[in-house]
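Everything below concerns the one structure shown next.
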């Protein structure tokens, strides 16, 4: 395969993985609810068993008392719903990030997420979708995401996480973890994404020398992923477009950073031969406030 073909292949894989993570947990682990946010207390829990459980994958609207959403599904599921109150010395933002990381660690793929008024009315989410009145809060202070994961046998689970701040400043998170019956269609989910692990987001700084914000946990996780036989590690390097900087110069900065990180990883046991660097620069924008600026997104492609 020539260099251009390799680059095109990596670009297509990157595009497919912008919102994707691969499956790395066993079936028994996937069946368990995500570990709870430590700075929260369980308020209630219920078993969910339904032949047509409503799952929204786009903002909600209410028209003449009827729930409307551009992408939604009624799925045969069984699982659990849990309501947590977040401690006053913590925040729902931290809780949401915790559950996002937990889902990523299992290899989850985010299917939809929204924030604030873009989600629709909190009243509809609280009272009609989740049927949890304590989730009623301010429309501008809510967040929601739904993710999916599959094991090697094709069993699939959905995780829904909704956080909200009430008018009294108390904050809550509602978590549903649901096994989806075989044969049901989950909009936007491709089980083949399980070949793609990540992304691990690594902010970087520097020019001649570089500093990378790669945590010990993420370093260990990457080492485990890369240790699989035939695994390829893709370093997709992004950069912001600085004042008076040309596109080519910005991409060149990203390319140098990717090379520097590859050298760092080689010292941690990730073979330089299995690493592919791809300089994106500022040319791809992702609608996620945690994925902006100078950063490298690490993907691992399983054989």
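No value in this document is a laboratory result; all are computed from the given coordinates. Note that the coordinates shown come from a computational prediction; the quantities given were computed from them, not determined experimentally.
When only Cα pairs below 8 angstrom with a gap of at least 6 residues are kept, the stretch 104-143 shows a relative contact order of 45 percent. Beta-bridge orientation, the chain: approximately 90 percent antiparallel, per DSSP, counting only bridges with both partners inside. For the stretch 248-288, the normalised intensity computed at q = 0.30, 0.34 Å⁻¹ comes to -0.94, -1.07 (log10 of I(q)/I(0), Debye sum over alpha carbons, equal scatterers, no solvent). With helices as the sole contributors, the chain gives -7000 deg cm²/dmol at 222 nm; each DSSP H run of n ≥ 4 counts as -39500 (n - 2.57), and the sum is divided by every residue.
Across the chain, C-alpha contacts under 8 Å between residues 6 or more apart give a mean separation that, scaled by the residue count, equals a relative contact order of 19 percent. Only Cα pairs under 8 Å and 6+ residues apart enter the sum, and on that basis the relative contact order of the stretch 31-180 stands at 26 percent.
One way to sum up the overall shape of the stretch 31-180 is the equivalent ellipsoid from its Cα gyration tensor, whose semi-axes run 22, 20, 14 Å, largest first.
Projected onto planes of every orientation and averaged, the convex hull of the alpha-carbon atoms in the stretch 198-245 covers 4.4 nm².
Across the alpha-carbon set of the chain, the Rg to Rh ratio works out to 0.99, Rh being the Kirkwood radius.
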